[in-house]
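A short write-up of the structure that comes next.
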Amino acid sequence: MTEDSTEDYLLDHHHQEETLPTTTAVTATNNSGKLSIIPLIFLIYFEVSGGAYGEEAAVGAAGPLWAILGFLVFPFIWSIPEALITAELATAFPGNGGYVIWAHEAFGPFWGSLMGSWKFLSGVINLASYPVLCVDYIKLVFPILSSGLPRYVAILLSTLFLSFLNYTGLVIVGYTAVCLGVVSLLPFVLLALFSIPKIDPSRWISLGQKGVTKDWSLFFNTLFWNLNFWDNASTLAGEVEQPQKTFPKALFSAGLLTCLAYLVPLLAATGAIPLDQENWVDGYFADAAQIIAGKWLKVFIEIGAVLSIIGLYEAQLSSCVYQLLGMADLGFLPRCFSVRSKWFNTPWVGILVSTSITVAVSYMDFSDLISSVNFLYSLGMLLEFASFLWLRRKSPTIKRPFRVPMKLPGLTVMCLIPSGFLVYIMLVATGNVFLVSSIVTVLTIIWYFAMNFCKSKKPAIVEDEAYLE
């Protein structure tokens, strides 16, 4: 979205709530530069999942039956509400920035700025784990990358390479995600086919081995983080072809693909192999594939894991970058964040900043950082739920091309259930996590008022001066 088009969108929306706000991306005159439905489906898929990699811990924590039920039931408690909210608000406010725009429209620019910082930092710090995971797989072939300078160089080069791919354009990233998704899913399709003759359905109803204590915290965390981030693609709404029609269809299709990508391999592996619960940790699907079909399938799944990590990185970096672009258009960041490359039409400043943070965090200890990410993300999601409910009450006449078919009381109940999980995550946080999250929030507040002060002195720093006052 160009700055002029954002200004038109904001003024039109505030003065005529009955009319659907329209936005035009910088590429609006060229539909070939817009995301169509298939690439968007796979970008959403990689925002949320990327495949069955990582779901093994649910079996190790609670046994096959609870794991299967978890991946059947939890989408209705968490994923579907989040996807429905995204579908309604992304079509009502089809601009880059997504949830930042929603909080801004619901509660004003101060809360939009907070939403932006919470979501961006949680996303970009999470992003830093993917090059590290990628190198962890590559070191199985090249052991020299296990430690020391070679490992640091490999992480740096892989991060720069993946970020450069993002720089070449969102359409290229989208079709790359399609290819990565198909190839990374293929080994699990083969796993399911080879498992059929060996499946014993009675293994699916096992509650776990005797003597193995259930780890419910690990179980719910595994479900939560494998079925999350449905709203991330909303930051790309300004780059999507006919977002009012495309987003609901893409979210539904990505949801179906994600559920099948989790359930089919889970049913195949747990049904075909006698249960040894302690073996069910991250990466066990590769070992299960070797038991079921041979070493060739194990290697194929490990290759698929690397491709999935690349897809995860590209999708989530795109979300972070276009969120920054949207925040610049709204006046929360300097205008340079909305500048696009002359060659690829991508917001190169956002890519540079996001990549720099990713590289820095890649060399840090992830333990406290990830806990802080979870806390910041929970804050952002609670604000998102509140924004959705308040917009329904505050602006009932806004045209919503997709509308969740419930009235406000039902929507409140729908949001309260996942909010309970978010509150639980925040309550069990350590003192260090509270401290880090508080510092981030305070710095965001200082930045918000500093930007307003700079605007009053130098209006050229950001666009739309009057809007934020």
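The values are calculated or read from the model by the stated rules, or taken from the named source; none is laboratory data. Computed from a predicted model, the values in this text were never measured in an experiment. Ideal geometry is used to build each Cβ from the backbone, glycine not excepted, and the neighbour counts take in all protein chains shown. The accessibility values were calculated without ligands, DNA or RNA, using every heavy atom of the protein model including side chains. Shrake-Rupley method; radii C 1.70, N 1.55, O 1.52, S 1.80 Å.
The convex hull of the Cα atoms of segment 52-194, projected and averaged over all directions, covers 12.6 nm². So, counting K/R as plus one and D/E as minus one, what does the shell of residues with Cβ under 12 Å around V349 add up to? Counting the neighbours of V349, the net charge comes to +2. Within segment 37-453, all pairs of alpha-carbon atoms sorted by distance into 20 Å bins from zero give the percentages 26, 59, 14, 0. The orientation-averaged projected area of the convex hull spanned by the Cα atoms of segment 327-372 comes to 4.3 nm².
Any idea how far the Cα center of segment 126-147 sits from the one of segment 164-241, in Å? Their Cα centres are 20 Å away from one another. Which residue, I125, T86, L157, has the largest displacement toward the positive end of the dipole of segment 40-168 when charges sit on each Cβ (Lys, Arg +1; Asp, Glu -1)? Comparing the listed Cα positions along the dipole, L157 ranks first. Each peptide in 377-390, 225-238 receives the mean, over its residues, of other Cβ atoms within 10 Å, and ordering these scores from highest gives 225-238, 377-390.
When the helices of the chain are scored as -39500 (n - 2.57) per DSSP H run of n ≥ 4 and the total is divided over every residue, the value at 222 nm lands at -23000 deg cm²/dmol.
Among the lysines, select those whose C-alpha is under 18 Å from the C-alpha of K298, and discard any that sit fewer than 8 residues away in the same chain. Hits, sequence-local ones excluded: K139, K198. Peptides 165-173, 321-329 ranked from most to least packed give 321-329, 165-173, packing being the mean of other C-beta atoms within 10 angstrom over each peptide's residues. Accessible surface of segment 37-453, 1.4 Å probe: 74 percent of it comes from carbon and sulfur atoms. Using only Cα atoms, find the angle between the long axis of helix 216-226 and the longest principal axis of the chain, and express it within 0 to 90 degrees, rounded to the nearest 10. For 216-226 against the chain, the angle is about 60 degrees. With R₀ set to 51 Å, the beta-carbon distance separating V281 from M406 gives a calculated FRET efficiency near 0.80. Summed over the residues of segment 37-453 and divided among them, the accessible surface reaches 39 Å² per residue at a probe radius of 1.4 Å.
Give me the extension gain from L69 to V183: residue separation times 0.36 nm, minus the current Cα-Cα distance, reported in nm with one decimal. Don't skip to the end; give the middle numbers.
Numbers: separation 114, 0.36 × 114 = 41.04 nm, distance 2.72 nm.
Extra length from L69 to V183 when fully extended: 38.3 nm.
For the chain, the longest principal axis of the Cα atoms and the long axis of helix 129-138 meet at an angle of about 30 degrees. Residues whose amide H falls under 5 Å from that of L35, counting only those 5 or more places apart or on a different chain, are V240, E241, with hydrogens built in the peptide plane. Restricting the calculation to Cα atoms, segment 280-419 shows an Rg/Rh of 1.08 when the hydrodynamic-style radius is the Kirkwood one. Taking the 0 to 90 degree range and rounding to the nearest ten, how far is the long axis of helix 408-427 tilted relative to the main principal axis of the chain, both from C-alpha atoms? Once rounded, one gets 70 degrees. A crude spin-label estimate for the pair C454 and K210, with each label 7 Å from Cα along the Cβ direction, gives 6.7 nm. A full extension of the chain between K198 and R393 corresponds to an added length of 64.8 nm, given 0.36 nm per residue minus the alpha carbon distance.
Under 17 Å of direct C-alpha separation, and excluding same-chain neighbours fewer than eight residues apart, K34 reaches these lysines: K245, K249, K342.
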